[in-house]
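The values are calculated or read from the model by the stated rules, or taken from the named source; none is laboratory data. Everything numeric here is computed off the predicted structure, so don't read it as measured data. Cβ placement follows ideal geometry from the backbone for every residue including glycine, while neighbour counts extend to all protein chains displayed. Quick note on the areas: whole protein, heavy atoms, side chains included, nothing else; ligands and nucleic acids left out. Shrake-Rupley method; radii C 1.70, N 1.55, O 1.52, S 1.80 Å.
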Amino acid sequence: MIRESEKSGKRTAIYIAPSAYGEPVGLEEALDKCKSFILKHEDLKLMRIYRDEQVKVVKPGEGENKMRGHSYSAEGNDAWKRLLSDAETSVVEVVVIYAARTVAPSFAGFSYAVKDYFAPCGIRFIDVEADYDTIDGDLESYLKKKNSEFMRTVEQ
């Protein structure tokens with residue numbers, strides 16, 4: 001007998017935003033690719049879409065970061081913050097993004113969310129562009145590669 005919760009799939013959220021660094025990402029194209037990915041996986045059920053229209057990297061010593069030392073931060077990522085809150089309250093079980101460069105201009109914040117929050121809490125994380133899924137991917141290698149891409153781009 002199949003329980004209703006198994007039949008309906010895991011509660012899945014999509015997060016999209018323009019690129020904060022690196023190659024630009026069109027929001028509609030990113031959304032379409034994320035939706036297509038979800039449709040191909042019967043174990044996923046789209047429940048929510050989180051969308052930030054403008055995300056900006058704030059480098060150390062700029063803007064509100066003047067007193068914060070050496071870390072990068074983000075402005076305009078309110079939908080990402082709502083997603084994290086909803087994940088904390090188990091509203092979503094799976095997070096699908098188009099690309100890491102759209103999530104958090106602060107790589108430390110992105111890494112923390114994926115490695116120290118999503119993974120230990122059993123929240124599945126999928127990066128469509130990188131073809132990465134925490135179910136069968138090496139999280140450390142993925143984060144190392146994304147950190148390298150981030151640093152190469154924002155340090156220019």
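Observations on the structure shown:
- Given (1) at pLDDT below 80; (2) farther than 24 Å from D32 by Cα, index of the condition G122 fails: (1)
- Scanning the range 105-119 for residues that are farther than 26 Å from L39 by Cβ and either in contact with a strand residue (DSSP E or B) (Cβ under 6 Å, 6 or more places away or on another chain) or open to solvent by 40 Å² or more (accessible area, probe 1.4 Å) (or both) yields a count of 6.
- Those residues of the range 36-52 which are open to solvent by 60 Å² or more (accessible area, probe 1.4 Å) and either touching a strand residue (DSSP E or B) at 6+ places or on another chain (Cβ under 7 Å) or of a type in the set (F, W, Y) (or both), in sequence order: D43, K45, L46, M47, R48, I49, R51
- Flag if F150 is open to solvent by less than 30 Å² (accessible area, probe 1.4 Å), touching a residue at least 60 places away in the same chain (Cβ under 8 Å) and assigned to a helix (DSSP H, G or I): yes
- I135 surrounded by 15 or more Cβ atoms within 10 Å (Cβ to Cβ) and within 17 Å of T12 (Cα to Cα): no
- Single unsatisfied condition, A99 versus (1) surrounded by fewer than 20 Cβ atoms within 10 Å (Cβ to Cβ); (2) in contact with a helix residue (DSSP H, G or I) (Cβ under 9 Å, 6 or more places away or on another chain): (1)
- Filtered residue count, the range 6-18, keeping only those that are out of contact with any helix residue (DSSP H, G or I) (no Cβ under 8 Å at 6 or more places or on another chain) and either open to solvent by 80 Å² or more (accessible area, probe 1.4 Å) or modelled with pLDDT of 95 or more (or both): 4
- Failed condition for K144, given (1) touching a residue at least 24 places away in the same chain (Cβ under 8 Å); (2) surrounded by fewer than 22 Cβ atoms within 10 Å (Cβ to Cβ): (1)
- Residue match in the range 87-95 (condition: assigned to a strand (DSSP E or B) and either within 21 Å of R51 (Cβ to Cβ) or open to solvent by 20 Å² or more (accessible area, probe 1.4 Å) (or both)): yes
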